[in-house]
Amino acid sequence: MMALVLTGALGALGVAVAAAMWWRRRAVGVQAELQAMRRRAVQAEQAAVAAQGRLHDVIEGAPAAVFVLEPSGAVALANAAASAILTGRHGDALVLEAVRGLCGELQRGGVEQATRALDLAGPPRRSVALTARRLPEGEVLVITDDITERRRIDDVRRDFVANISHELKTPIGAMALLAETMTDEDDPQLLARLSQRLHREAMRVSSTIDDLLLLSRIETDEQPRREPVRLDEVVAHVVERSQPAAALRDIEVRTELVEPPVELLGDRRQLESAVYNLLDNAVKYSDEGSEVVVRTTRNERTVGIEVADRGIGIPAKDLERVFERFYRVDRARSRSTGGTGLGLAIVRHVAYNHEGTVRVASREGEGSTFRLELPDGLPAPAGSPVTDEGITAS
Ligand SMILES: Nc1ncnc2c1ncn2[C@@H]1O[C@H](COP(=O)(O)OP(=O)(O)OP(=O)(O)O)[C@@H](O)[C@H]1O
Ligand SMILES: [Mg+2]
């Protein structure tokens, strides 16, 4: 009997011990699970902090100014660009006023988004576009974007269309008038004169279109040819081409070429166009009977071509602008010489495509010297880096 009781007690104890061990194992398992969950929570928090940090860096470093305004109008968030506006003066005050104005507009009008553009007189002149959007919590996000460059490109494009329309409209109008006059004319001599003028105007249109096509080709040519080009050959070709115009005005074109001949890696056709345009100008803007000199030069890593004349020269105030498309110092005079103002734009682009520079030194009434300076493009000897000065007119 006693033994039975003992066996029963021992059995109960065994069950209790087993249960206790099971609970212990379970508790240890739960604890491990809890620890794993805690680890995951910490990792998730770290990831969230890192993501927030990245987002903060992106917003902070964005070139656009980012503001978040509370419904009261108080600034809840401003990135670096926005902070500069908040602490800035003059034009920035106008931007801030527009930011607040947009915020108020969204609060009042119940609209989700609003935009505004601002032109700031500067200096420097700036154009700013603002976009405001309502956030879910009732705050307003305002992003300001500097659109000065975009505006400038739009202006250039608009001016270009206006200029080209004008340049083509004038001779085409003249051609229409000449053709109309010829229809009712019987006098052979007058007819011959009118048809000569008609031909001249047609040639003018054709040369403007040729220049435009050339300029567009040079501008869009992302990979200009790189062939060995001898500058003395370029000069000889160009001098021959401008001989009729020079002879007509009794202008002597003299060449001074360095020996041995200067060579560079470049685009022969582009270089010929550039030098032709410089020589064409030198002849066109010189007095009858004067002299024009075309020189080649060589420096350590660059080669140069200079075209010097003793012509009418360029006023100092126009020197910076003569390389712009359609820019002419004296429109009336250029009309009589048949120019459209594209020649130097072509020269500038050729210099650009060859990573070189074009400069002008000129004095009104005394003459001008245009100088193209281009890297020779040949492998540089060790220890002599080529410097790129960009395009300048001085
Ligand atoms: N050698 C020069 N001497 C004096 N003025 C010059 C000379 N070269 C250029 N210019 C001035 O710069 C302007 C721009 O020159 P550019 O070659 O671009 O145009 P253009 O000669 O008028 O016309 P295009 O070359 O398109 O026929 C000219 O109209 C002229 O006023
Ligand atoms: Mg010209």
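A short reminder: the numbers here are calculations on the coordinates, not readings from a lab. All values derive from a computational prediction rather than experimental measurement. Here the Cβ is made from the backbone with ideal geometry for all residues, glycine too, and neighbour counts use every protein chain on show.
What angle do you read, to the nearest 10 degrees and between 0 and 90, between the alpha-carbon axis of helix 231-241 and the longest principal axis of the chain?
50
Working from Cα positions, state the angle (0 to 90°, nearest 10) between the long axis of helix 268-284 and the longest principal axis of the chain.
That works out to roughly 50 degrees.
Quick one: grab Rg to one decimal and Dmax as a whole number for the stretch 123-196, Cα atoms only, in Å.
Cα radius of gyration and Dmax of the stretch 123-196 are 27.0, 86 Å respectively.
Which of the listed residues, 312, 123, 214, is farthest toward the dipole's positive end in the chain, when Lys, Arg count +1 and Asp, Glu count -1 at the beta-carbon?
123
Place a +1 charge on the Cβ of each Lys and Arg in the chain and a -1 charge on the Cβ of each Asp and Glu, then give the dipole magnitude about the Cα centre in debye, rounded to the nearest 20. Could the numbers behind the result be given before it?
Numbers: 50 positive and 59 negative charges, 471 e Å.
Rounded to the nearest 20 debye, it is 2260 debye.
Could you identify which residue out of 48, 316, 132 has the top mean-square fluctuation in a GNM of the chain using Cα springs shorter than 10 Å?
Maximum fluctuation in the GNM of the chain, among the listed residues, is at 48.
Using amide H atoms built 1.01 Å from N in the peptide plane, name the residues 5+ places from residue 266, or on other chains, whose amide H lies under 5 Å from its own.
Amide H neighbours of residue 266: 227, 229.
What residue among 203, 37, 21 shows peak mean-square fluctuation when the chain is described by a Gaussian network model with Cα springs under 10 Å?
Maximum fluctuation in the GNM of the chain, among the listed residues, is at 21.
Skipping prolines and chain starts, which residues have an amide H placed within reach, meaning under 5 Å, of the one on residue 356, given they are 5 or more residues away or on another chain?
none
Taking 0.36 nm per residue of sequence separation and subtracting the Cα-Cα distance, how much length would be gained by fully extending the chain between residue 18 and residue 220, in nm to one decimal?
Value of the extension gain: 64.1 nm.
Taking other Cβ within 10 Å of each residue's Cβ, how do 183, 302 sort, fewest first? Working shown, then result.
Working: 183 7, 302 19.
Ranked by crowding around the Cβ, least crowded first: 183, 302.
What per residue convex hull volume, in Å³, comes out for the stretch 84-146 when only alpha-carbon positions are used? Write down the numbers at each step before the final one.
Values: hull volume 4.8 nm³, N = 63.
Here the figure is 76 Å³ per residue.
On a 0 to 90 degree scale, rounded to 10, what angle separates helix 343-353 from the longest Cα axis of the chain?
That helix lies at roughly 40 degrees to the long axis.
Just 19, 78, 192 to compare: in a GNM of the chain, with alpha carbon springs under 10 Å, which one fluctuates most?
19
Considering the options 273, 369, 251, tell which one lies farthest towards the positive end of the dipole of the stretch 223-394, charges being +1 on Lys and Arg and -1 on Asp and Glu at the Cβ, about the Cα centre.
273
Suppose R0 equals 51 Å. What FRET efficiency, 1/(1 + (r/R0)^6) with r the Cβ-Cβ distance, do residue 116 and residue 25 give to the nearest 0.05? Each step should come with its number before you reach the end.
Values: r = 69 Å, r/R0 = 1.34.
Here the calculated transfer efficiency is 0.15.
According to the Kirkwood expression over distinct Cα-Cα pairs, how big is the hydrodynamic radius of the chain, in Å? Let's see the in-between values first.
Details: mean 1/r = 0.0353 Å⁻¹.
It is 28.3 Å.
Averaging sequence separations of C-alpha pairs under 8 Å and six or more residues apart, then dividing by the length of the chain, give the relative contact order as a whole percent.
On the way: 561 pairs, mean separation 37.9, N = 394.
Reported as a whole number, the value is 10 percent.
Answer with one residue from 42, 66, 77: the one whose Cα lies farthest towards the positive end of the charge dipole of the chain, charges on Cβ with Lys, Arg +1 and Asp, Glu -1.
42
Can you tell me the length gained on complete extension of the stretch residue 70 to residue 192, counting 0.36 nm per residue apart and subtracting the Cα distance?
Details: separation 122, 0.36 × 122 = 43.92 nm, distance 8.00 nm.
35.9 nm is the gain from fully extending residue 70 to residue 192.
Residue 288 to residue 60: extension gain in nm, 0.36 nm per residue of separation minus the Cα-Cα distance?
75.6 nm
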